[in-house]
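*Asks:* What follows is a single structure, and I will ask about it in a moment.
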Amino acid sequence: MAAIRRFADWVLKVETSGSMPFYEMECMSCDASSVVSEEPGGPQNWALKHAGQTGHGLFRAMHTCFFRAVPKAVKQ
């Protein structure tokens, strides 16, 4: 029995129907990190406050969003 296989190009699209993007900051000098937030301002303010309290100046910013792989639309 022969199998039919169809190959398609795929593209990534930002997923907007599920979770919103979220943000977090992490201190690179200690184990401290901000809370996860749907807005970048909270984690950024946390980093500035942490820097002022500890003198730590290097942070990693994490921005997480979601993508969905979908078949590329065929132009006709």
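The values are calculated or read from the model by the stated rules, or taken from the named source; none is laboratory data. Bear in mind that the values here come from a model prediction, so they are computed numbers and not experimental data. Accessible surface is based on the protein model in full, side chains and every heavy atom, while ligands, DNA and RNA are left aside. Shrake-Rupley method; radii C 1.70, N 1.55, O 1.52, S 1.80 Å.
*Asks:* I'm checking my understanding of the structure. Among residues of region 50-76 that are at pLDDT below 95 and open to solvent by less than 70 Å² (accessible area, probe 1.4 Å), which one is farthest from residue 35 (Cα to Cα)?
*Replies:* Applying the filter and picking the extreme gives 70.
*Asks:* Which of the residues that make up region 13-49 are in a loop (DSSP other than H, G, I, E, B), of a type in the set (S, T, N, Q) and open to solvent by 90 Å² or more (accessible area, probe 1.4 Å)? Quick ask: steps written out before the conclusion?
*Replies:* Taking region 13-49 and keeping what is in a loop (DSSP other than H, G, I, E, B), we get 15-21, 28-32, 34-36, 38-40.
Of the ones still in play, those that are also of a type in the set (S, T, N, Q) are 16-17, 19, 29, 34.
Listed by number, the residues that qualify are 16, 17.
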